[in-house]
Amino acid sequence: MRSFVFERAADLPQAVKLGAGTRQGQTDAPAQFLAGGTTLIDLMKLEVLTPQRVVHLQSPGAPWSAIEVSPNGARLGAFAKMSTVADDARVLAQYPVIAQSLQLAASAQIRNMATLGGNVLQRTRCPYYRDPSWSACNKRVPGSGCAAIHGFNRNHAILGVDENCISQYPGDFAIALIALDARVELMGAEGTRLIPFASLHTGVQSQPHIETTLKPGEIIIAFHVPAGAWTRRSLYLKVRDRASYEFAIASAAVALSIEGEEVREARIGLGGMAYRPWRSQEAENILIGNPLTESSAAAAAAAALKSAIGHGHNDYKPELARRTIVRALLEAKALQLSSGAS
Ligand SMILES: Cc1cc2nc3c(=O)[nH]c(=O)nc-3n(C[C@H](O)[C@H](O)[C@H](O)COP(=O)(O)OP(=O)(O)OC[C@H]3O[C@@H](n4cnc5c(N)ncnc54)[C@H](O)[C@@H]3O)c2cc1C
């Protein structure tokens, strides 16, 4: 690990000032923010990131880590620990998909350290990105190529990829957020702004090293999740190589509103298979207005995977992903909700 200057911000406005040099896509960016440190410190030890200055976001007190749930929706402070939100009774009751996406992530120790903001900004687990001895990685060294395309790519993405990068977005919580149409509250040098969560992460385009639309120095301060009839009939299904402490190879965040036999609303987020947090409105449109059956779920899953591309070792993923979506939808339909919910 290279030496760096460590600074503690007294509050978030000061953190914004201290973090003015934070830049994505620049391994030696002048500054990086530190929240729980469970991603950043690993990447610094590996010398994938070599910031000159680390700014500790040291304001975990209210309102930055507060969890608020009202009839109008939820506001989850970005500095709340993953474990705190996963165990919150109101989140468990009103937004089970969010609680499950956090419970099924990482280990208990990591969930106790890691924050929601750091979780959505975690970097890919692509081994060619995380090991600087590989020279070809467009995400780490822009313009150097992608070693994974012709390398060992069993865990790599099948949706949203191109010849520049086939890395996979690894997080779970982001998949629940994108399914539920969440928004992100940001604080930067020009004040605060609210953006759709779906526009936080960029697509691969030709610049894999630019991963988000955050401006230099901008900090995530909260996630806003709307209320809706569909949030209670929701779940997160995560498929992985072992039952705990493992990233998804396929996952689905689904939320449904069903009246009588008819699906009135459907939300489908996909993880473990795409370059960025992925929502499939094609699949949702097939379900809405129709009864949810095994065959409509299969049609929706096929639509979600229509543009999937494998690169050899990950050719098994489209079929696994289809089955994951079908199972998640049928399990969500079968949920027994208390009265008043659909
Ligand atoms: C062994 C292991 C297994 C894991 N398994 C899973 C898993 O199954 N599922 C899963 O989802 N995750 C998994 N993770 C990832 C883990 O959940 C993340 O490391 C963690 O959530 C990051 O949060 P943090 O607060 O520690 O972030 P940090 O490491 O402090 O920060 C991560 C990045 O986000 C930036 N940042 C942090 N907070 C903010 C903010 N508020 N505003 C702007 N920038 C910010 C930092 O500058 C840094 O670049 C695993 C991690 C490990 C080490």
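The values are calculated or read from the model by the stated rules, or taken from the named source; none is laboratory data. Keep in mind the model is a prediction, meaning the values are calculated, not measured. Glycine gets a Cβ as well: all are built from the backbone with ideal geometry, and neighbour counts include every protein chain shown.
Yes/no matrix, rows are residues, columns are (1) modelled with pLDDT of 95 or more; (2) in a loop (DSSP other than H, G, I, E, B); (3) over 16 Å from Gly118 (Cα atoms):
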site: His150; (1), (2), (3): yes, yes, yes
site: Ala157; (1), (2), (3): yes, yes, yes
site: Tyr169; (1), (2), (3): yes, yes, no
site: Gln205; (1), (2), (3): no, yes, yes
site: Gly217; (1), (2), (3): no, yes, no
site: Thr231; (1), (2), (3): yes, yes, yes
site: Leu237; (1), (2), (3): yes, no, yes
Checklist entry - Restricting to segment 87-114, what's the tally of residues that are within 11 Å of the ligand (Cβ to nearest atom) and in contact (Cβ under 8 Å) with a residue 12 or more places away in the chain? => result 12
Checklist outcome for this item: The residue that is farthest from Leu12 (Cα to Cα), considering only those in segment 214-234 that are away from the ligand (no atom under 16 Å from the Cβ) and buried (at least 20 other Cβ atoms within 10 Å of the Cβ), is Arg233
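Does segment 127-147 contain any residue that is in a loop (DSSP other than H, G, I, E, B), among the hydrophobic types (A, V, I, L, M, F, W, C) and crowded, with 24+ Cβ neighbours inside 10 Å?
So the first thing to find is which residues in segment 127-147 are in a loop (DSSP other than H, G, I, E, B), and the list is 131-136, 138-145, 147.
With among the hydrophobic types (A, V, I, L, M, F, W, C) added as a condition, the list becomes 134, 136, 141, 147.
If we keep only those that are crowded, with 24+ Cβ neighbours inside 10 Å as well, we get none.
For segment 127-147, residues in a loop (DSSP other than H, G, I, E, B), among the hydrophobic types (A, V, I, L, M, F, W, C) and crowded, with 24+ Cβ neighbours inside 10 Å: absent.
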Item to check | Selection status of Leu237, among the hydrophobic types (A, V, I, L, M, F, W, C) and more than 19 Å from Ala78 (Cα to Cα) | outcome: yes
Checklist outcome for this item: Within segment 127-139, the count of residues that are away from the ligand (no atom under 14 Å from the Cβ) and not small (Gly, Ala, Ser) comes to 6
Item to check | Matching entry among Ile268, Ile325 (being away from the ligand (no atom under 16 Å from the Cβ), in contact (Cβ under 8 Å) with a residue 60 or more places away in the chain and not in a helix (DSSP H, G or I)) | outcome: Ile268
Item to check | Members of segment 151-180 found to be more than 16 Å from the ligand (Cβ to nearest atom), surrounded by fewer than 24 Cβ atoms within 10 Å (Cβ to Cβ) and touching a residue at least 60 places away in the same chain (Cβ under 8 Å), listed by number | outcome: Phe152, Arg154, Leu159, Gly160
